[in-house]
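To start, the structure under review is shown below, and the notes come after it.
The numbers here are math on the coordinates, done by the rules we state, and not lab data. Keep in mind it's a predicted model, so treat the numbers as computed, not measured. When we count neighbours, we look across all protein chains shown, and the Cβ atoms used for this are built from the backbone with ideal geometry, even at glycine.
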Amino acid sequence: MADFSMSGIDELAAQLKKLGQLDNDALVGDMLEAGSDVVIDEWKKGIKSAVKTKRSTGELEASVTTVKGIQKINGVSAKTIYPGGKDSKGVRNAEKAFILHYGKSGQPATLFVDEVENKAEEKAAEAMEEIFNDFLEKEGL
């Protein structure tokens, strides 16, 4: 009967086992933080380019934030990013972003959120991947 052997597979299996046993909540938090920073920057750029009026105070752009901590949504770790709070006149920033995105009578839709999400997706994934690769390097994996 033929003999089959492979070198290095035991080491790989040990590394994968070690990775599975590590407490990764801190890693997930760091990765989500890096990704959310990129998305927030893209939101701010998107709002700046979508607002076509000179009356803008910049409050909507400045209000883009993320919820503190990590949320579990259907078993997936996530961070929520949105324009929070109210402006100086008491108008909710999320409402202003909704109208800016979908439009209203006399104000056409800009659909800026779709554009922001498309632009941010790859950049956020790269930022998160960089954190993960640094972690793997630090752990010697």
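Apply the Karplus curve 6.51 cos²θ - 1.76 cosθ + 1.60, θ = phi - 60°, to the phi angles in the range 68-79 and return the couplings in whole Hz, x for Gly and Pro.
Listing the rounded values in order: 5, x, 10, 9, 9, 10, 6, x, 10, 6, 8, 10 Hz.
Scan around Thr65 for amide H atoms under 5 Å from its own, H built in the peptide plane at 1.01 Å from N, and keep only partners 5 or more places away or cross-chain.
Those qualifying (amide H under 5 Å, at least 5 residues apart or on another chain) are Tyr82, Gly84.
For each pair in Lys72/Lys138; Lys68/Lys96; Lys48/Lys138, compute the distance between the two Cα atoms and list the pairs where it is over 32 Å.
Lys48/Lys138
Out of all Cα-Cα pairs in the range 18-121, roughly what percent, to the nearest whole number, are more than 18 Å apart? The partial results should precede the final answer.
Values: 2904 of 5356 pairs.
Considering the range 18-121, 54 percent of its Cα-Cα pairs are separated by more than 18 Å.
Show me the trypsin sites (Lys or Arg not before Pro) within the range 51-141 that DSSP assigns to loop and that have at most 16 other Cβ atoms within 10 Å of their Cβ.
On the way: sites: Lys52, Lys54, Arg55, Lys68, Lys72, Lys79, Lys86, Lys89, Arg92, Lys96, Lys104, Lys119, Lys123, Lys138; in loops: Lys52, Lys54, Arg55, Lys68, Lys79, Lys89.
Qualifying residues, ordered by number: Lys52, Lys54, Arg55, Lys68, Lys89.
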